[in-house]
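As structure tokens, the structure follows; a few thoughts come after it.
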Ligand SMILES: Cc1cc2nc3c(=O)[nH]c(=O)nc-3n(C[C@H](O)[C@H](O)[C@H](O)COP(=O)(O)OP(=O)(O)OC[C@H]3O[C@@H](n4cnc5c(N)ncnc54)[C@H](O)[C@@H]3O)c2cc1C
Ligand code: SF4
């Protein structure tokens, strides 16, 4: 091991390890960033190892332009792809992994949409209530204070107008974004068919918050918010650093190494751009590398003692991979609908969420503010220009509407992340292989969502032009379940305190610990778990 | 529809160019011949850009000259290598006019300029910053101009979108009904 400061990379950054620290976190997405900030704030010595680069906020406008202008692959926006990010597929359904994540400081929240909801009580008790799926070893009540804290940390704009949401006492940190004109068109139709609409909690500033400005309406939230009004986890990375944490970018962890007794992790071995490997030692390790790389790193960390990978005595590391599935429908109306002014949605309906039973799962409905083409996108790929182009744009823009839905998937052992020994990444490690398929209940759920969407759109008088249902659905890019939480070490990977059963100083705050996924975007729950994990880690220090 | 200096500066600002130098300052910078190995005097560069803009912009637009000069100068200056690539693409438009038509592009009648660009294949080319001549002209010249226009408030208004994608037009317009 080299001492700190001995060698600096070509970019002048010192990536050598620190002397044994209190905590080493792997991954600088929201999970790693929140834990790091909490513990650094509490005065602990901390190193965060991040595989990807430190993005410069000043480049965001250029990234936005890359996302709008044809001539760039969509993965180029956040420099994803290539040997570093290689993966393969082994299941019935193709999983586009690199569209579903970002590697770099801030993690996938650089690209995310920023919708943030609490899971429902039902999601924690799915098996007890419906006879399918499984129960979590913790309930909504256990996470509730952490949810409130997570909303304050991320900065959530929301309103207390959702009668289907789980109970909460404290108001959202910021007022909700007001409904769109398009929402007002949907409102009458929804009333006609008995569907209640309500606001959407957004991790996006509706007013200045936490030193970041209010949303200015670039309309490109996903994949990049140039203004920083959308929360991304680089916010907490900066805060952690100002509290003294050390964050090393371009430092992919290759494996975790345990001590002779086999019950503690001694070091994280990471690579640096100069081709060297280093060991970061720490008292506690927090594995926050996202729902795919987290199980992969555990599997890569096999040893004589643990030939099936670290923390894997249950054999469940990588199993129970889940995502949310999209269902959608849209078309045109004979009046202006004012789409594509902003890149986020302002109304949803969670009315059918708790109706879940053994046959049909939970789902939520979304009313889109970005249905149909965005004129600039059309213009840049058109074969016309001048007056003909303008005529085209006027004809194609203006009266589209659309609805989305997310449906939950049951945890099933055969959906999993494994190592693919036939393909290696830029460091010679086997790449992740995704085995993914749909169960019947999920298909039923998507069908049910489509039925309601059709009812609403028909009532609205929409000419339905497109539908996405069970046969052509795709993932929402939420990687869950791969190191599930439980009390029984034979049936789970981490305990309710988010510590692995097998190793006494290895913690996993991630959607990988989700036992069920519900049908709501996961990151607020990830943030709540990260804050909870920080408490448990601190208690050990 | 009148394109204003405000449109150009707004478009510039949303492209990350601090417009503090002001339009005049930006035009000034376009007057300097950069040392990029491309044989294209700045005046000609401006003329070619404007000529292409008149082809690809709708005819009902006024104020195209100032918009193009302000916007393109600011952008091209702000990004490493960008202006050189754009100048190279413009020079290609001109070279081809000389080779195929025995005329400079600027000496062609407006209809012939359009025909020339179509014969180059620029209308149907997939934009690609590292592609063929047609693909680079599409990327660095035609799409550069179209991006500037259709992410600006005036371009949005032409189409009927109050706050086009790429322009930070605030959060009022999405709530408003049609006027
Ligand atoms: C297009 C898109 C839209 C989304 N929209 C929403 C939304 O609206 N709402 C919502 O709740 N969620 C959304 N998500 C999901 C959300 O982004 C993730 O749930 C969240 O970012 C996960 O946080 P994380 O910290 O666990 O992992 P990530 O954010 O993925 O961060 C993990 C980090 O770990 C690093 N890493 C991985 N392996 C290693 C290693 N071996 N060594 C060192 N570092 C490593 C990665 O480089 C990465 O930076 C969206 C995702 C995408 C892609
Ligand atoms: S609309 Fe989206 S991209 Fe634009 S400022 Fe608001 S949050 Fe950011």
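Going highest first, how would you order A:231-243, A:434-446, A:339-351 by mean Cβ packing within 10 Å?
Order by mean packing, descending: A:339-351, A:231-243, A:434-446.
The residues A:397, A:306, B:174, B:82, when put in order of fewest to most other Cβ atoms within 10 Å, stand as B:82, A:306, A:397, B:174. Annotation: average projected area of region A:477-541 is 4.3 square nanometres, based on the convex hull of Cα atoms across all directions.
Across region B:59-113, Cα-Cα distances exceeding 17 Å account for 55% of all pairs. If you look at the Cα atoms of region B:5-175, you get an Rg and a Dmax of 15.9, 54 Å. Computed over chain B with a Gaussian network model linking Cα atoms closer than 10 Å, the most mobile of B:133, B:123, B:35 is B:35.
Reducing region B:72-149 and region A:145-192 to their Cα centroids gives an inter-centroid distance of 48 Å.
May I ask for log10 I(q)/I(0) of region A:175-240 at q = 0.11, 0.22, 0.23, 0.28 Å⁻¹, from a Debye sum over the Cα atoms as equal point scatterers with solvent left out? Cα-only, vacuum Debye calculation for region A:175-240: -0.37, -0.95, -1.00, -1.24. Inter-chain Cβ neighbour count for A:371-381, averaged per residue, equals 6 (cutoff 10 Å, partner chain atoms only). At q = 0.12, 0.15, 0.24 Å⁻¹, what log₁₀ I(q)/I(0) does a Debye calculation on the Cα points of region A:242-343 give, no solvent, two decimals? Each listed q maps to, in turn, -0.58, -0.74, -1.38. Hydrodynamic radius of the protein assembly as shown by the Kirkwood approach over all distinct alpha-carbon pairs: 27.0 Å.
For chain B, modelled as a GNM with alpha-carbon contacts under 10 angstrom, which of B:107, B:148, B:89 fluctuates the most? For chain B, modelled as a Gaussian network with Cα springs under 10 Å, the answer is B:107.
So what is the relative contact order of region B:5-175, in percent, for Cα pairs below 8 Å that sit 6 or more residues apart?
That works out to 25 percent.
As a calculated quantity, the FRET efficiency between residue A:184 and residue A:19 at R0 = 51 Å, using C-beta atoms, amounts to about 0.25. Model label sites at residue B:115 and residue A:10, defined 7 Å from Cα along the beta-carbon direction, differ in position by 5.1 nm.
Projected over every direction and averaged, the convex hull enclosing the alpha-carbon atoms of region A:32-142 yields 11.5 nm².
In chain A, helices alone account for a calculated mean residue ellipticity at 222 nm of -7500 deg cm²/dmol, with every DSSP H run of four or more residues adding -39,500 (n - 2.57). Each Cα pair under 8 Å and six or more residues apart adds its sequence gap; the mean of these over the residue count of chain A is a relative contact order of 23 percent. Legend: mean number of C-beta atoms from other chains within 10 angstrom of residue C-beta atoms, peptide A:382-395, equals 5. Peptide packing for A:46-57, A:141-152, A:398-409 was compared via the average number of neighbouring C-beta atoms within 10 Å per residue; ordered from the highest value, the list is A:398-409, A:46-57, A:141-152.
Neighbouring Cβ atoms from other chains, within 10 Å of the Cβ of residues in B:133-141, number 1 on average. Highest-first packing order for the peptide set B:108-118, A:262-272 is A:262-272, B:108-118, based on the mean count of other beta carbon atoms within 10 Å.
FYI, it's all coordinate maths here, none of it is from the lab. The shown structure was predicted, so the numbers you read here are calculated from the model rather than taken from an experiment. Positions of Cβ are backbone-derived with ideal geometry, glycine not excepted, and every protein chain shown enters the neighbour counts.
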